[in-house]
Amino acid sequence: MTPRSPDTGARAAGQLALLALVDLLAMSLWFSASAVVPELREAWGLDDSGAAWLTTSVQLGFATGAVLSALLTLSDVWDPRRLIAGSALLGAAATAAIAVFADGLALTVFLRFVTGVALAGVYPPGMKMVAGWFRAGRGMAIGVLIGALAVGSAMPHLLRPLGGIGAWRPVLLLASGFAIVAALLAAAGLRAGPHQAPAAPFDPRAVRRMFADRATMLANGGYFGHMWELFAMWTWIPAFLAASFAADPNARTTPSLASYLAFGTIAAGGLGAAAAGVLADRVGRTAVTSWSMVVSGACCLVIGPLFGGPIWPIAAVCLVWGFAIVADSAQFSACVSELAEPEYVGTALTLQTAIGFLLTIATIRLIPVWESWFGWEWAFAPLAIGPALGTWSMLALRRRPEAARIAGGRR
C-alpha cells in the first residue's frame with residue numbers, strides 16, 4: 001500500500017471533521033419531535049401509539065428512501081456531496097413545517113416520513129465519502145462519523161430543557177436551523193477522497209449480487225441484530241427515565257434531569273463509536289462488535305430491575321448501555337465497505353441501513369406493548385435477542401476466509 005502523504009492525511013482528517021459536523025447537525029432532526037412528546041401529549045392528546053408514530057414514521061421514511069436509493073444506486077451514480085446537501089435542506093424544511101403548520105398527528109406523521117426519506121440521503125452517502133478518504137483506519141473514521149450521528153440524535157433532548165420545558169416549537173426550529181447549516185457546510189466544503197470509486201453505471205443486478213454474497217450478509221446480520229436493539233432503546237429510554245424517577249417517592253428529580261440523562265445516554269454512543277473504531281482497526285472488527293453486543297445485551301436485562309430505584313445505579317447502567325450500544329455500529333458498515341464490490345459500496349451501505357431501519361420499526365412499536373404486559377421492569381429484556389443473534393453472525397463471519405479482507409486481515 002502506498003503511504004499516505006502528510007498533505008493527504010491532513011486533508012483526510014479535515015474532511016472527516018467536516019463530515020462529522022455535517023452529520024451531527026443534520027441528525028438533530030431525527031428525534032426532534034420525539035424529544036417533545038410530553039409537550040405534544042398535552043397539546044394534542046397523544047397516546048402511546050401516537051407517540052411511537054413520531055419516531056416510526058421517520059424510520060419508515062428512512063427505510064423507504066434508502067431502499068429507493070439502493071435500487072437506483074443513487075449513492076454511486078450521483079455526487080454524494082450534492083446528495084447530502086440537498087437531503088439536509090429537505091429534512092430541515094419538513095421539520096420546520098411541523099412547527100409552523102402542524103396542529104395534530106396526521107400532518108406531523110407525513111412530515112416526519114419526509115424527514116426520514118431526506119436523512120437517507122445524508123447518512124449512507126456520508127459513510128461512502130469517509131470510505132473514499134480512508135483505507136487504513138477506516139474503522140476509526142466511520143466510528144467518528146457514527147459517533148457524530150449519536151450526538152446529533154441526542155441533541156433535541158438537550159435542546160428541550162435549554163429551550164424551556166413545555167415549549168415544543170423552538171426545539172423543532174432549532175433542529176431545522178442546524179440542518180440548514182449542515183447543508184451549507186456540505187455544499188461548500190465536502191470533497192471526494194482519493195479512494196472513492198468513480199460514478200458507477202446503473203446496474204439493477206448489483207443488489208442481487210450483494211444478497212448472494214455470504215460474507216457481506218453475515219456482516220449485515222450483525223448489523224440487523226444491533227438495530228433490533230438500538231432505536232428502540234434510543235426512543236423509549238427518556239420515557240423509562242421519566243417513569244422511573246416518578247415512581248421513586250424519595251427521588252429529588254425533575255423533568256429536566258430526565259432529559260439531560262437521556263441526552264447523556266444517547267450521546268455516550270459518540271464516545272463508544274469513536275473508541276471502538278480505533279480499537280477495531282487494531283484488534284479486529286468481529287471481536288469488537290461481538291464484545292459490544294454482549295455488553296449492550298446484558299444492559300437490556302439489567303436496566304429493568306433498577307426501575308424506580310436510586311438514580312445513580314440507573315444513570316451508570318444507562319451511560320454504559322449508551323456507550324456500548326453504538327460502539328459496534330460503525331464496524332458493521334466498515335466490514336461491508338471492505339467486503340462489497342468497490343464500485344457499489346454506497347449501494348451496499350444504503351441497502352444495509354434500509355433493512356436495518358425497517359427492523360427498528362418493529363421494536364419501537366413493541367416496547368409499549370411489552371411495557372403494558374411486563375411493566376418497565378422487563379420491557380427492554382426482549383431487545384437482548386438482537387445482540388445475541390448479531391454476535392453469532394459476526395463470529396460466523398470471523399471463521400470465513402473472506403474475513404481476511406476486513407481491517408487489513410485483523411478480522
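Each value in this text was obtained by applying a stated rule to the coordinates, not by laboratory testing. Worth saying up front: this structure is predicted, and the values here are computed from it rather than measured. Here Cβ is always computed from backbone atoms with ideal geometry, including for glycine, and neighbour counts include all displayed protein chains.
Looking at region 87-173, none of the trypsin sites (Lys or Arg not before Pro) sits in a DSSP loop with at most 15 other Cβ atoms within 10 Å of its own Cβ. Counted as membrane-span-like here are DSSP H helices of the chain whose alpha-carbon atoms extend 27 Å or more along the helix's own axis and whose Kyte-Doolittle mean is -0.5 or above; these are 6-26, 48-71, 80-101, 138-163, 169-189, 214-247, 255-283, 345-374. Between residue 169 and residue 72, the contour length at 0.36 nm per residue exceeds the alpha carbon distance by 31.3 nm. Among the listed values [x] 1.02; [y] 1.26; [z] 0.93, the one computed from these coordinates for Cα Rg over 2.2 N^0.38 Å is [z].
Could you tally the net charge around residue 167, taking each other residue with its Cβ under 9 Å from the Cβ of residue 167, Lys/Arg +1 and Asp/Glu -1? Numbers along the way, then the final one.
Working: positive: 160, 169; negative: 39.
Local net charge: +1.
Legend: calculated FRET efficiency, residue 395 to residue 366, from the Cβ-Cβ distance at R0 = 41 Å, rounded to 0.05, equals 0.95.
With a 10 Å Cβ neighbour count serving as the proxy for reagent exposure, in which order, fewest first, do 226, 195 appear? Don't skip to the end; give the middle numbers.
Working: 226 29, 195 15.
Ordered from fewest to most neighbouring Cβ atoms within 10 Å, 226, 195 come out as 195, 226.
The distance between label points at residue 181 and residue 283 comes to 3.6 nm (points 7 Å beyond Cα on the Cα→Cβ vector).
Take every pair of alpha-carbon atoms less than 8 Å apart whose residues are at least six positions apart; their mean separation over the length of the chain yields a relative contact order of 26 percent. Taking 0.36 nm per residue of sequence separation and removing the Cα-Cα distance, the residue 11/residue 44 pair yields an extension gain of 7.0 nm. How would you classify region 76-167 from its alpha-carbon gyration tensor, with a ≥ b ≥ c the square roots of the eigenvalues: rounded for a/c under 1.5, else prolate if a/b is greater than b/c, otherwise oblate? Judged from the Cα gyration tensor, region 76-167 comes out oblate (a/c at least 1.5, b/c at or above a/b). With the cut-off at 1.5 for a/c, could you classify region 317-399 from its C-alpha gyration tensor as rounded, prolate or oblate? Here region 317-399 falls in the prolate category.
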